[in-house]
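Computed from the coordinates by the stated procedures, all read-outs in this text should not be read as laboratory data. Everything numeric in this text was worked out from a predicted model, so none of it was measured. No Cβ is skipped: glycine too gets one built from the backbone with ideal geometry, and neighbour counts run over all protein chains shown.
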Amino acid sequence: MKKTEKQNTGKLKIIPLGGLEQIGMNITAFEYEDSIIVVDCGLSFPEDDMLGIDLVIPDITYLKENIDKVKGFFITHGHEDHIGAIPYVLKEINVPIYATKLTIGIIDRKLEEHGMLKTVKRKVVKYGQHINLGCFRVEFIKTNHSIQDAAALAIYSPAGIVVHTGDFKVDYTPVFGDAIDLARFGEIGKKGVLALMCDSTNAERPGFTQSEKSVGKVLDGIFEDHRKNRIIIATFASNVDRVQQIINCAEKYGRKVAIEGRSMVNIISIASELGYLSLPDNILIDVEQLRSYPDEQTVIITTGSQGESMAALSRMANGTHRKVSIKPNDTIVFSSNPIPGNEKSVTGIINELMMKGADVIFQDVHVSGHACQEDIKLIYSLVNPKYAIPVHGEYKHLVAQAKIAEQLGYDTDHIKILSSGDVLEINEDGAKVTGRVHVGNVMVDGLGVGDVGNIVLRDRQRLAEDGIIIVVMTLEAGSGQLLAGPDIVSRGFVYVRNSESLMDEAKCVLDDTMERLTDNNVTDWGKIKTEVKDALGDFVWKETKRRPMIIPIIMEV
């Protein structure tokens, strides 16, 4: 028996640093004595109130404080919410990354963009392989998901075995590769599993998740029914199996395929290089070549199925795409469901496409990559864990999985719904949240990482809601005598030409304020600025019920 499996009285700490009570930003630390391993390292996309923010990554203060203990990152699959933060986090915690072949391929492309390929160690792991790091031994188990090469992890520690499913579904007829290794889940279950950390994304949905192959039949029907139309299909770039099925249909119906969207081009080139995508000879053409073929002989696979404003499909819909214009004879297929929160954007794009006369199909051309209730029950039955720890999802999803566990006979003492930052100490004798570590959002804006915080966002919010007024004045050095101004410049507050009387009155208020300050011999700049802000702010609120940001600027001559 290996050292890592020896049962003793120590406790394993499970510390989610992100990914709970939200969709995205998955990252969890496992700590035993002087060893920490980390599972996944994802980003999330900004909320509507995060103005100007590009990405949100997890706050890894806890890992930095314990950097000597951190042994490595284990990545379950290649989606952004599981790998997107790697280039940012590995700049601060440079330890090896372990993942399957396609996942490493996608990570490599990210690291290359950040100039980090030479500095970060990556190791390709095969299913069934075990990695020993510190007190831990980690085994990769084959699962199915909406991207190939997804893995669950069996984490062997001296306190017991934890099974982490990653994002998964049970697909008995996958498009590529093997079905989920249910037998291995059962074998590990027989060893005695301390805890199961199971994907909760679809825990509210009854039944079983449909096979990815079922989408192929629907796509075939669309190709059959629209032989005289150009077909444009929007889907997730990472869903290589979906792309494979579209290419299979294109070959069957004698069409050429053009790929549009940077992330789509990237993933398809990685997947075909590594042998995860089978491309018939000469089926791919450049977007520029589309005009050389009749519409009914072409298919465009594009990004933008979530209504993202800068994605290829959005630019086609609003007429700003340089190479593809929507025509009334086009059939446009949304091969995805809107991620919660994106419904409005997707509906907007569909409306724009329909206004251009296109036929839009957005129902029944997608199956989920996540396990529904019956699949979750199947994993529980095979693994038979002592403790249930729902992961991946908003609070309502975690509660839905907790209810499934209750149906299977787990009591509340053996179901642990955690929040990001909780420290769960667990062993055979019990599981208890014993404390919290610092967690949070680090915002990425352009090249700046973490330099935009809540105060900056609050300023952006105010600027967005009420605009800005700048008050400029010139004072004489020494005497503090007003030589010029105060003059008012406004942006995003009112259109000055239509509001001359309001601006004139505001100028009078400022003149009166400066006169009063001069009479009282006030020369302190801080005092002058405060008085100007207060007087102008009160006047503007009374007249308009708005609170623009007011910035006084004093020049001295």
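Descriptive notes on the structure:
- Cross-linked pairs 142/396; 217/344; 213/377; 64/529; 91/190: Cα-Cα separations exceed 31 Å for 64/529; 91/190.
- Separation of alpha-carbon centers, the range 248-277 and the range 121-147, rounded to whole Å: 28 Å
- Counting DSSP beta bridges with both ends in the chain, the antiparallel % (nearest 5): 50 percent
- Sparse-neighbour loop sites [trypsin sites (Lys or Arg not before Pro); the range 304-344; at most 16 other C-beta within 10 Å; DSSP]: 322, 323
- Here the scattering of the range 213-361 is modelled by Debye summation over its C-alpha atoms, one equal scatterer each and no solvent; at q = 0.12, 0.16, 0.18 Å⁻¹ the log10 of I(q)/I(0) is -0.44, -0.82, -1.06.
- Applying the criteria of a DSSP loop state and at most 14 other Cβ atoms within 10 Å to the trypsin sites (Lys or Arg not before Pro) of the range 76-131 yields 91, 118, 121, 126.
- Potential lengthening between residue 93 and residue 351 on full extension [0.36 nm per residue; Cα-Cα distance subtracted]: 88.3 nm
- Computed lengthening from residue 179 to residue 272, 0.36 nm per intervening residue step minus Cα-Cα distance: 31.4 nm
- Within the chain: Cβ-based charge dipole about Cα centre, in debye rounded to nearest 20 (Lys, Arg +1; Asp, Glu -1): 1740 debye
- Close amide-amide hydrogen proximity is noted between residue 330 and 359, each under 5 Å apart and 5 or more residues distant or on a separate chain (H modeled in the peptide plane; Pro and chain starts excluded).
- The chain - percent relative contact order, Cα under 8 Å, separation 6 or more: 16 percent
- With the simple model of a label 7 Å out from the Cα in the direction of the Cβ, residue 374 to residue 543 spans 6.8 nm.
- Remark: spin-label model distance residue 406-residue 394 equals 2.0 nm, labels positioned 7 Å along the Cα→Cβ axis.
- Largest first, the three principal axis extents of the alpha carbons in the chain are 88, 70, 48 Å in whole numbers.
- Spin-label model, residue 556/residue 522: points 7 Å from Cα along the beta carbon direction are separated by 1.8 nm.
- Rounded to whole Å, sorted largest first: equivalent-ellipsoid semi-axes of the range 454-556, Cα gyration tensor: 24, 16, 12
- Computed from the C-beta positions of residue 470 and residue 172, the FRET efficiency with R₀ = 56 Å rounds to 0.30.
- Under Karplus coefficients 6.51, -1.76 and 1.60, residue-wise ³J(HN,Hα) of the range 116-123 in Hz, glycine/proline x: 10, 4, 6, 9, 9, 7, 10, 10
- Tensor-based shape of the range 12-116 (alpha-carbon gyration tensor, a/c under 1.5 rounded, otherwise prolate or oblate): oblate
- 222 nm mean residue ellipticity, helices alone, for the chain (DSSP H n ≥ 4; -39,500 (n - 2.57); rounded to 500): -9500 deg cm²/dmol
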